[in-house]
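What follows is a short report on a single structure.
Taken together, the values in this text are just the output of simple stated rules run on the coordinates, not laboratory data. Just so it is clear, the structure is predicted and the values come from calculations on it, not from any experiment. We place every Cβ from the backbone using ideal geometry, glycine too, and count neighbours over all the protein chains shown.
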Amino acid sequence: MLAVRIEAVSLLASVPATSLSPEEQQRFDRTAKEYVEVQRFNADRPEGRVTLGAFYAERNEPAKAEAEYQAAIKLAPRSVPAFVNLADLYRGLGRDDEGETLLRQALAIAPDNADVHYALGLLLVRDHRLPEATTMLAKAAVLDPGRPHYAYVYAIALNSAGQSDEARHVLEESHKRHPADRETLTALITLARDVGDQPAAAHWAEVLARLNAGEGPDRQ
């Protein structure tokens, strides 16, 4: 079925060609052509262009990906996903200066979008502008408390800035909301150990061990 083949191509887009046999590569190429044709059918919608851009990005075809994202922005100048995806593409190409411009444009369009704050925060971390980065990451964590990873990254930035107590507090609050998140627990263990708080490190290690043993998340 076409729908199944299209879904398979989407899932396999990031698989390196060198890992496929010649016959598998031929089948993939045929179905990839179908995939592109389906997305081209929606070429008058920014969502279709963003989807196709993401596909080309996964296939390591940055020029094609860039063209699709730019086409999406031209179709819908307020399409935040197109700005964010194009900025991420530029990150991989070492063009963070252009990426920052895009993300700040997206921020002006959608000032309450957690993804934009998060992406811009990471860019600022890479550029060693930690105070501004921390502000952006904090906003992302507040705007989308349903994503524990945002709180985790914010906490790591705080710890890097020498604010270990505040970082631990952020993680503890996130743990209350997401008691089964292992990334949060692992960070709590590490940060407690790093400051010599062995009782806290042991406590969080025990919580993680119980979770890994299938005893359910800690609700303290």
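Scan the range 105-139 for residues that are assigned to a loop (DSSP other than H, G, I, E, B) and under 22 Å from ILE73 (Cβ atoms) and the total you get is 4. Looking across ALA213, ALA187, one residue alone is surrounded by fewer than 17 Cβ atoms within 10 Å (Cβ to Cβ) and either at positive phi or aliphatic (A, V, I, L, M) (or both). It is ALA213. Out of curiosity, is VAL142 within 15 Å of the chain's Cα centre (by Cα) and in a helix (DSSP H, G or I)? It is false that VAL142 is within 15 Å of the chain's Cα centre (by Cα) and in a helix (DSSP H, G or I). Residues in the range 161-183 that are within 21 Å of the chain's Cα centre (by Cα) and either in contact (Cβ under 8 Å) with a residue 60 or more places away in the chain or under 21 Å from THR135 (Cβ atoms) (or both): ALA167, VAL170, LEU171, SER174. Take the residues in the range 46-76 that are closer than 19 Å to ALA110 by Cβ and charged (D, E, K, R), then tell me which one is farthest from the chain's Cα centre (by Cα). Filtering first and then ranking leaves LYS74. Residues in the range 52-78 that are among the small types (Gly, Ala, Ser) and crowded, with 22+ Cβ neighbours inside 10 Å: GLY53, ALA57, ALA65, ALA72.
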